[in-house]
Amino acid sequence: MNKEEYRGVWVFIEQREGNLVDVGLELLGAGRDLADKLEVELCGVLLGSNIDQLTQPLFEYGADKVYVIDNPVLEQYRTETYMKAVGDLVRKYKPEIFLYGATANGKDLASAVATEVMTGLTADTTLLDVNVEKRLFEASRPAFGGNIMATILCKKHRPQMATVRPKVIKKPDRQEGRTGEVVQESIDLQEDDLRTKVIEIVKDTQKKVNLEEADIIVSAGKGIKDEKGFKMVEDLANVLNATVGASRDVVEAGICSHDHQVGQTGATVTPKIYFAIGISGAVQHTVGMANSELIFAINTDPNAAIFDVAHYGIVADAFEIVPLLTREFQKALH
Ligand code: FAD
């Protein structure tokens, strides 16, 4: 492999039903930084059907060029079609770095493309950088149960690929009117050639906790002890119009469902305000919430690790302070 032939930073732009998924725009921000350091172009890869209107925002979020394949066979995500389309583009244009959102589709596609073009992939990264001199992409992610951050390199193969967790990178500012180049490409596949057909998409209509989108999160840790303590946290959240989060220990104790869990094996959140109540601050929890704008922690232990990431800390018994806060916020806000 001649690595010198590979130049440019690419971002896979995920769209669902004709709407751009935020993580693609977040990655244009991270990709812009890498591309500027390497002095190369930043390119988006956009696949789908009737997607013309989606290219302009990509330039405004930082892309110099967008490779577009617009074909009815790409309307719904399928591993088979997307892997072929992206694999062909990689072989033809040879990018040196390729980023994907760590969404269900992004993870599936990135691993399929890695095997298709025979390169490496770092999954679920949270930090991206590049060694400019060696042109080596440095993709970092928590490892060994979150106890260390591992930086993973792909020294021998190109492109150097990573999936990146949604919400860990801030969406860049939009530069209205910024333009770039659209490169239209095609895919040589007919619906009849395909082994997989999408018959119907059935959406999960069950009410889900939407932690990723929440502006305020009030999270319960094992310090709240049981369902009664959890109810106390829910009451505070209700008064603040906030979403209820939880540590894994609370979920594992059966006090609430997994869709409340924040952290390495739960949601990564970046609310304006995060309350951590009776949470010790294990790295597997803080990796999912440390980028919140303002963190309040309540804990009886003044040495709890949560105070290392908190902006404001109250050393107190949650059972005393939380009902008090609920009452005072109720008076002030309602
Ligand atoms: P504890 O660590 O038991 O802390 C309870 C805290 O409450 C203590 O600090 C205590 O001082 C305080 N407290 C006690 N009583 C009171 C009171 N009355 N008032 C106020 N404070 C009080 N954890 C996650 O949260 N999310 C994850 O996604 C996650 N993923 C993991 C993945 C792996 C592979 C592993 C190995 C672990 C993972 N964990 C995760 C678990 C993590 O390591 C911790 O065990 C967990 O976060 C601890 O939860 P906690 O802070 O609620 O409980």
Legend entry - Residues (in contact (Cβ under 8 Å) with a residue 40 or more places away in the chain and either more than 8 Å from the ligand (Cβ to nearest atom) or open to solvent by less than 40 Å² (accessible area, probe 1.4 Å) (or both)) located in the stretch 307-322: A318, V322
Legend entry - Output for the stretch 279-306, where each listed residue is of a type in the set (G, A, S) and within 11 Å of the ligand (Cβ to nearest atom): S280, G281, A282, G288, A297, A304, A305
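Yes/no per residue for (1) in contact with a helix residue (DSSP H, G or I) (Cβ under 9 Å, 6 or more places away or on another chain); (2) under 29 Å from R135 (Cβ atoms):
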position	(1), (2)
A162	yes, yes
R174	yes, no
G177	yes, no
V198	no, no
L211	yes, no
Legend entry - Of all residues making up the stretch 261-273, the number that are within 25 Å of D317 (Cβ to Cβ) and in a loop (DSSP other than H, G, I, E, B): 2
Inset, instruction - Please determine, by comparing only the residues of the stretch 279-306 that are among the β-branched types (V, I, T) and part of a helix (DSSP H, G or I), which one is most open to solvent (accessible area, probe 1.4 Å). - result: V283
Inset, instruction - Scan the stretch 10-44 for residues that are of a type in the set (A, V, I, L, M), outside any helix (DSSP H, G or I) and surrounded by fewer than 24 Cβ atoms within 10 Å (Cβ to Cβ) and report the count. - result: 3
Inset, instruction - Restricting attention to the stretch 323-334, report how many residues are within 15 Å of the ligand (Cβ to nearest atom) and of a type outside the set (S, T, Y). - result: 3
Legend entry - Any pair with Cβ under 6 angstrom, 6 or more apart, that starts in the stretch 117-137 at a residue that is open to solvent by 50 Å² or more (accessible area, probe 1.4 Å) and ends at one that is modelled with pLDDT under 95: L127/S140
Inset, instruction - Could you grab me the full set of residues in the stretch 56-67 that are within 18 Å of G101 (Cβ to Cβ) and either hydroxyl-bearing (S, T, Y) or open to solvent by less than 10 Å² (accessible area, probe 1.4 Å) (or both)? - result: L58, Y61, G62, A63, V66, Y67
Inset, instruction - Sort out which residues of the stretch 1-26 are in contact (Cβ under 8 Å) with a residue 60 or more places away in the chain, of a type in the set (A, V, I, L, M) and more than 16 Å from L109 (Cα to Cα), and write them in order of number. - result: M1, V9, L25
Legend entry - Test result for A276, closer than 26 Å to I148 by Cα, assigned to a strand (DSSP E or B) and within 9 Å of the ligand (Cβ to nearest atom): yes
Legend entry - Tally of residues being buried (at least 20 other Cβ atoms within 10 Å of the Cβ) and farther than 15 Å from I295 by Cα across the stretch 265-278: 2
Inset, instruction - Out of the residues in the stretch 222-246 that are within 14 Å of the ligand (Cβ to nearest atom) and either part of a strand (DSSP E or B) or without any contact (Cβ under 8 Å) to a residue 60 or more places away in the chain (or both), state the one that is surrounded by the fewest Cβ atoms within 10 Å (Cβ to Cβ). - result: K228
Inset, instruction - Go through (1) within 16 Å of the ligand (Cβ to nearest atom); (2) without any contact (Cβ under 8 Å) to a residue 40 or more places away in the chain and name the single condition N210 misses. - result: (1)
Inset, instruction - Taking the options G177, G120, name whichever one is among the small types (G, A, S) and over 18 Å from G8 (Cα atoms). - result: G177
Inset, instruction - Give the residue, chosen from Y100, Y93, that is within 21 Å of E185 (Cβ to Cβ) and open to solvent by 10 Å² or more (accessible area, probe 1.4 Å). - result: Y93
Inset, instruction - Would you mind telling me which numbered condition in (1) of a type in the set (A, V, I, L, M); (2) part of a strand (DSSP E or B); (3) surrounded by fewer than 24 Cβ atoms within 10 Å (Cβ to Cβ) V251 fails? - result: (2)
Inset, instruction - Return yes when G87 is among the small types (G, A, S), open to solvent by 10 Å² or more (accessible area, probe 1.4 Å) and without any contact (Cβ under 8 Å) to a residue 60 or more places away in the chain and no when it is not. - result: no
Legend entry - Selection count, the stretch 247-273, where residues are modelled with pLDDT under 95, within 6 Å of the ligand (Cβ to nearest atom) and either within 12 Å of A220 (Cα to Cα) or out of contact with any Pro (no Cβ under 9 Å at 6 or more places or on another chain) (or both): 3
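The values are calculated or read from the model by the stated rules, or taken from the named source; none is laboratory data. Predicted, not measured: the structure shown is a model, and the values here were computed from it. Note that each Cβ is placed from the backbone with ideal geometry, even for glycine, and that neighbours are counted across all protein chains shown. Side chains included, ligands, DNA and RNA excluded: accessible areas come from the protein's heavy atoms. Shrake-Rupley method; radii C 1.70, N 1.55, O 1.52, S 1.80 Å.
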